[in-house]
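One structure is given below, encoded as structure tokens.
The values are calculated or read from the model by the stated rules, or taken from the named source; none is laboratory data. Model, not experiment: these values are computed from the prediction. Note that each Cβ is placed from the backbone with ideal geometry, even for glycine, and that neighbours are counted across all protein chains shown. Ligands, DNA and RNA are stripped out before the accessible areas are found, and what is left, the full protein with its side chains, is counted by its heavy atoms. Shrake-Rupley method; radii C 1.70, N 1.55, O 1.52, S 1.80 Å.
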Amino acid sequence: MRDQDIRELLQSSAGTPDAKSKDRFLREIRKRQDTNRMSFIRILLIQFRYIRKRVWLASLLILILSLTVTIDLSFDRLTAVSDLMPFLAGLGMLEALRADMHGMKELESVTLISAKGALFAKTALIGASHLITMLVSSIFLFPSAASDITTVAAMLLIPYTVTSILCMEVERTRFGRENGYCCLVIAFLVFGTFRMMLHSNISAGTAPGTLMLIMAALIVLEIYELKKTMRSEEYAWN
Amino acid sequence: MELVADRLTKQYDNKIAVDRLSFTLKPGVTGLLGANGAGKTTLMRMITGILSPTSGEITYDGKEVKSEEYRNILGFLPQDFGYYPEFTGKEFLMYFCALKGLSKKDAKVRTSELLKMVVLEDVANKKVRKYSGGMKQRLGIAQALINRPEVLILDEPTAGLDPKERVRFRNLIEELGKESIVLLSTHIVSDIENIADRLIMMRSGRIIWDGKWTEENGSLEEFYLKEFE
Amino acid sequence: MDIETYYDKIYRYIYYRVHDRSIAEDLTQEAFLRFLGSSGNEPERYLYTIAKNLCIDEYRRIKPVSLDSEEVPDLPDNSADSLVKSLEVRQALEKLSEEDRELLILRYANDEPIKEISRLTGISRFAVYRRLKEAKSRLTKALGKETI
């Protein structure tokens with residue numbers, strides 16, 4: 001006999017325990033125990049499994065671009081990486097807000113983790129990976145960029161935060177929720193705008209003090225938006 | 001096991017969706033009947049803790065509906081739900097098992113048990129987006145049962161089910177009602193006529209009937225039509 | 001403890017010792033109640049031990065039933081086919097040694113990996129593997145399906 005046959009034979013001839021009595025018993029057991037609170041690490045690990053690879057690949061791509069010493073030294077890597085920032089942000093936001101866009105938020109709400117917890121975990125994971133990406137990139141870009149560190153930081157951070165803030169704003173509308181790819185459209189628009197007018201303004205001319213001020217304001221706004229997104233558990237669509 | 005709603009009110013801008021409702025739910029099947037827009041969904045969302053009431057409160061055995069302890073014993077099937085497009089039926093259930101705190105091992109066992117229960121084993125590895133309406137609905141029901149809920153809230157659960165599935169579903173609900181508090185909303189009288197131990201009928205955010213419907217009350221269908229259509 | 005996982009396993013483990021569905025269920029629940037009141041490392045091994053001991057108590061309580069009697073095994077669904085099959089399985093298992101039975105139940109009824117069985121029984125992995133192989137052929141023989 002094959003293993004599979006024996007398995008089937010032994011499992012089927014024992015039958016399955018009565019579902020109702022099992023249900024009752026397991027619930028009774030649960031009542032006696034405390035609700036097993038999930039550690040934040042566990043929540044992170046669960047969400048990590050469901051973040052698609054493209055998110056990590058995008059970070060990797062940017063890191064590689066920052067790290068490679070291109071043969072052509074005239075190639076401006078800082079601008080190239082800066083160009084990619086809106087897409088990094090847009091892709092990240094698309095991923096973080098995905099459960100909501102696909103209509104799973106309500107189902108997530110009634111779980112132990114709750115929709116808020118799931119969203120927070122995903123955002124934390126993606127945000128952390130992006131932060132590391134930007135940090136490492138700026139360290140590598142700085143020496144070759146022939147500009148000061150504030151400019152390098154601004155070139156990365158400003159397009160990134162602008163994109164993610166806009167994505168969160170749009171996602172709060174019904175249209176944004178139903179059309180997830182809004183995030184990528186926004187990324188494209190931000191990319192275009194920076195390409196056409198803002199890159200040159202940041203990299204030349206603008207005083208580091210002003211840049212720092214702009215960055216600080218954007219970071220504050222980003223945190224505000226994040227908080228608002230986390231809180232927006234109630235829709236007024238009824 | 002008691003779910004208590006006390007002067008529950010939900011107001012949107014200037015429209016009152018749920019108007020000072022008070023009731024107590026005990027184990028058994030309670031049918032929530034009402035036309036579209038009567039406030040059923042709003043009420044159910046407040047009971048699940050998804051929506052905060054404008055005023056009033058709901059507790060289950062003293063637990064707040066916003067607490068982890070309550071979510072741990074709650075099952076919910078919303079009127080409509082989505083899924084990640086790459087999910088198969090099995091992956092969908094595995095995801096919610098994880099979110100409900102089951103270990104990976106337990107999640108696997110529970111998932112296959114539930115798939116069998118709602119007769120989806122054969123399509124377990126098929127993408128959910130290829131499912132028929134009835135199959136998707138059965139998956140939603142399975143999802144609501146993952147944590148063996150003490151409180152089970154089902155919003156229009158029979159939508160999309162074919163007659164055979166309806167019968168199977170009714171039997172399942174009847175069984176579940178013996179052990180849990182089951183609140184089931186519908187606008188189809190025949191769905192709950194025979195299995196509900198109690199009926200709550202709503203119109204414009206208020207309860208217009210609360211109790212067991214017996215034969216002395218006449219035909220429920222007729223009453224319903226008179227009141228709601 | 002993964003109670004969802006072990007509930008059915010412990011049930012089958014006990015079922016093959018007591019051959020009665022409702023007794024198996026009661027003992028399964030009893031095993032978990034005892035288990036949860038305790039603590040220790042190697043919970044799975046402990047759980048199986050509790051289950052085994054409960055079965056031993058159960059044997060002592062009831063007088064042994066002979067298979068020759070007219071009794072009908074208590075089965076989930078009473079189709080004649082599965083009834084016959086399950087009786088065959090029971091008879092075949094009863095021809096085996098206690099140890100063979102134990103290994104077969106753990107491996108096939110409960111899908112425990114060899115490594116886990118070795119941990120549960122305290123037998124080396126290699127020995128588990130070898131004995132299982134022998135037990136399997138004895139079971140096949142007892143079932144009268146030598147040909148495959």
Self-check item: Computed E for A:Phe175/A:Ile29 - FRET, C-beta separation, R0 51 angstrom, nearest 0.05
Solution: 0.65
Quiz prompt | C:Ile123-C:Ser22 FRET efficiency (beta carbon distance; Förster radius 30 Å; 0.05 resolution) | solution = 0.40
Quiz prompt | Radius of gyration and Dmax over the Cα atoms of segment A:21-236, both given in Å | solution = 20.3, 75
Quiz item: Pick from A:Ala128, A:Ala80, A:Ala19: which is most flexible by mean-square fluctuation in a GNM of chain A where alpha carbon atoms under 10 Å apart are linked?
Solution: A:Ala19
Self-check item: Under 14 Å from the A:Ser12 label point (7 Å along Cα→beta-carbon), backbone N, segment C:103-131
Solution: none
Exercise. Choose one of A:Ile41, B:Asn217, B:Ala17: the residue whose Cα lies farthest towards the positive end of the charge dipole of the protein assembly as shown (beta-carbon charges +1 Lys, Arg; -1 Asp, Glu; about the Cα centre).
Key: A:Ile41
Self-check item: Normalised per residue, the volume of the convex hull around the Cα set of segment C:79-148 (Å³)
Solution: 91 Å³
Quiz prompt | Links that overshoot a 29 Å alpha carbon limit, given the list B:Lys108/C:Lys115; B:Lys130/B:Lys212; A:Lys31/C:Lys52; B:Lys63/B:Lys178; B:Lys66/B:Lys116; A:Lys31/B:Lys108 | solution = B:Lys130/B:Lys212; B:Lys66/B:Lys116
Quiz item: Separation between the B:Thr59 and B:Val119 pseudo-spin-labels, each 7 Å from Cα along Cα→Cβ, expressed in nm?
Solution: 4.3 nm
Quiz item: So, with a 1.4 angstrom probe, what is the percent of accessible area on segment A:21-236 that is carbon and sulfur?
Solution: 70 percent
Quiz prompt | Shape box of chain C [Cα atoms, principal axes, largest first, Å] | solution = 43, 35, 27
Exercise. For chain B, just the Cα set please: Rg and Dmax, both in angstrom.
Key: 17.6, 52
Practice problem: Quick one: work out Rg over Rh on the C-alpha atoms of segment C:1-64, Rh as Kirkwood radius. | Solution: 0.96
Quiz item: Summing -39500 (n - 2.57) over the DSSP H runs of n ≥ 4 in the protein assembly as shown and dividing by its residue number, what mean residue ellipticity at 222 nm do you reach, to the nearest 500 deg cm²/dmol?
Solution: -18500 deg cm²/dmol
Quiz item: Using a Gaussian network model of chain A with C-alpha springs under 10 Å, which one of A:Ala124, A:Ala14, A:Ala216 is most mobile by mean-square fluctuation?
Solution: A:Ala14
Quiz item: How big is the convex hull of the Cα atoms of the protein assembly as shown, per residue, in Å³?
Solution: 219 Å³
Quiz prompt | Residue-span extension gain [A:Leu221 to A:Ala207] - 0.36 nm each, minus C-alpha spacing | solution = 2.9 nm
Quiz item: Based on Cα positions only, what radius of gyration and what Dmax would you give for segment A:133-228, in angstroms?
Solution: 14.5, 45
Quiz item: For segment B:149-227, what is the charge dipole size about the Cα centre, in debye to the nearest 20, if Lys and Arg each add +1 at the Cβ and Asp and Glu each add -1 at the Cβ?
Solution: 120 debye
Self-check item: Inter-probe distance in nm under a simple model that places probes 7 Å from Cα toward Cβ, at B:Ala35 and C:Arg34
Solution: 6.3 nm
Quiz item: Once the Cα gyration tensor of segment A:12-142 is found, what semi-axes does its equivalent ellipsoid get, as square roots of 5 times the eigenvalues, in whole Å, sorted largest first?
Solution: 46, 15, 13
Exercise. For the C and A pair, go ahead and give the buried accessible area with a 1.4 Å probe, both sides summed, in Å² to 100.
Key: 2600 Å²
Quiz item: Quick one: buried accessible area between B and A, total over both chains, 1.4 angstrom probe, nearest 100 Å²?
Solution: 4100 Å²
Self-check item: Point-to-point label distance, B:Asp80-A:Ser200, nm (Cα→Cβ direction, 7 Å offset)
Solution: 4.8 nm
